[in-house]
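The values are calculated or read from the model by the stated rules, or taken from the named source; none is laboratory data. Bear in mind that the values here come from a model prediction, so they are computed numbers and not experimental data. Cβ sites come from the backbone with ideal geometry, for glycine too, and all protein chains shown count toward neighbours. Accessible surface areas use protein heavy atoms only, side chains included; no ligands, DNA or RNA. Shrake-Rupley method; radii C 1.70, N 1.55, O 1.52, S 1.80 Å.
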Amino acid sequence: MKYEFKGITGEELSFKLNRVKIAPNDKLDIKPQFSRQVRKVNGNDKLNFLALSVKIESTDEEPKPFNINVTLVGIFEVEDVKNNDEERKFVIEATKIVYPYLRAAVTNLTANAYIAPLNLPVIAGTIFPEDRDVYAFTVGDGNLN
């Protein structure tokens, strides 16, 4: 399997400040929710889009100082995918490529709103539990492509 990262685009970037009162000693639990979607172009199986999203929403039960919704789309050209395992490996690797851009977008979005910038954690493995078994395997064999 071979893949090439062609670029990235922002599909959605939204920020809304919530007027929430939080006691000085209360700890804020942001709990970002991540999702992703992989799409292929009809008539061109080589062109793949990986949409990676993060959402933070305030609720009555768990108030948050802001709502954020960010979706970035990575564009990839993929060749020689022989089976479902290779396709899953591509999705994991593409997620690892797009995630730092998502982190930067969230940090910049909050900084540009003139609040303390939110820095999502650096992820060494994967943010999706369903990838952990594949990720553990690919790290051990030393051959990701």
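Check whether at least one residue in segment 10-27 is on the phi > 0 side of the Ramachandran plot and of a type in the set (Gly, Ala, Ser), and report yes or no. Before you say what the answer is, go through the steps one by one.
First, pick out the residues of segment 10-27 that are on the phi > 0 side of the Ramachandran plot: none.
Taking every residue of segment 10-27 in turn, none turns out to be on the phi > 0 side of the Ramachandran plot and of a type in the set (Gly, Ala, Ser).
Is it fair to say Ile75 is touching a residue at least 60 places away in the same chain (Cβ under 8 Å) and of a type outside the set (Phe, Trp, Tyr)?
Values: touching a residue at least 60 places away in the same chain (Cβ under 8 Å): yes; of a type outside the set (Phe, Trp, Tyr): yes.
So Ile75 fits the description; yes.
Please go through segment 123-140 and give me each residue that is open to solvent by 20 Å² or more (accessible area, probe 1.4 Å), among the hydrophobic types (A, V, I, L, M, F, W, C) and modelled with pLDDT of 70 or more, ordered by number.
Ile123, Ala124, Ile127
From Glu86, Glu79, which residue is farther than 24 Å from Glu12 by Cβ and open to solvent by less than 60 Å² (accessible area, probe 1.4 Å)?
On the way: Glu79 fails: open to solvent by less than 60 Å² (accessible area, probe 1.4 Å).
Checking each option against the conditions leaves just Glu86.
Quick one: which residue in Asn69, Asn48 is more than 17 Å from Pro121 (Cβ to Cβ), modelled with pLDDT of 95 or more and open to solvent by less than 30 Å² (accessible area, probe 1.4 Å)?
On the way: Asn69 fails: open to solvent by less than 30 Å² (accessible area, probe 1.4 Å).
On inspection, the qualifying residue turns out to be Asn48.
Could you list, in sequence order, all residues of segment 1-44 that are assigned to a strand (DSSP E or B), open to solvent by 60 Å² or more (accessible area, probe 1.4 Å) and without any contact (Cβ under 8 Å) to a residue 12 or more places away in the chain?
Passing the criteria: Lys40, Asn44.
Just the residues that are without any contact (Cβ under 8 Å) to a residue 24 or more places away in the chain and farther than 15 Å from Val38 by Cβ, please, taken from segment 83-111.
Asn83, Pro100, Arg103, Ala104, Thr107, Asn108, Ala111, listed by residue number.
Give segment 72-93 a look and list any residue that's at pLDDT below 95 and under 15 Å from the mean Cα position of the chain (by Cα), or say none.
Answer for segment 72-93, where residues must be at pLDDT below 95 and under 15 Å from the mean Cα position of the chain (by Cα): Phe90, Val91, Ile92, Glu93.
Look at Ser53 and say whether it is of a type outside the set (Lys, Arg) and in a strand (DSSP E or B).
On the way: of a type outside the set (Lys, Arg): yes; in a strand (DSSP E or B): yes.
The answer is yes for Ser53.
Quick test of your reading of the structure: Ala104 fulfils all but one of (1) touching a strand residue (DSSP E or B) at 6+ places or on another chain (Cβ under 6 Å); (2) more than 21 Å from Glu130 (Cβ to Cβ); (3) not acidic (Asp, Glu). Name the failing condition by number.
(1)
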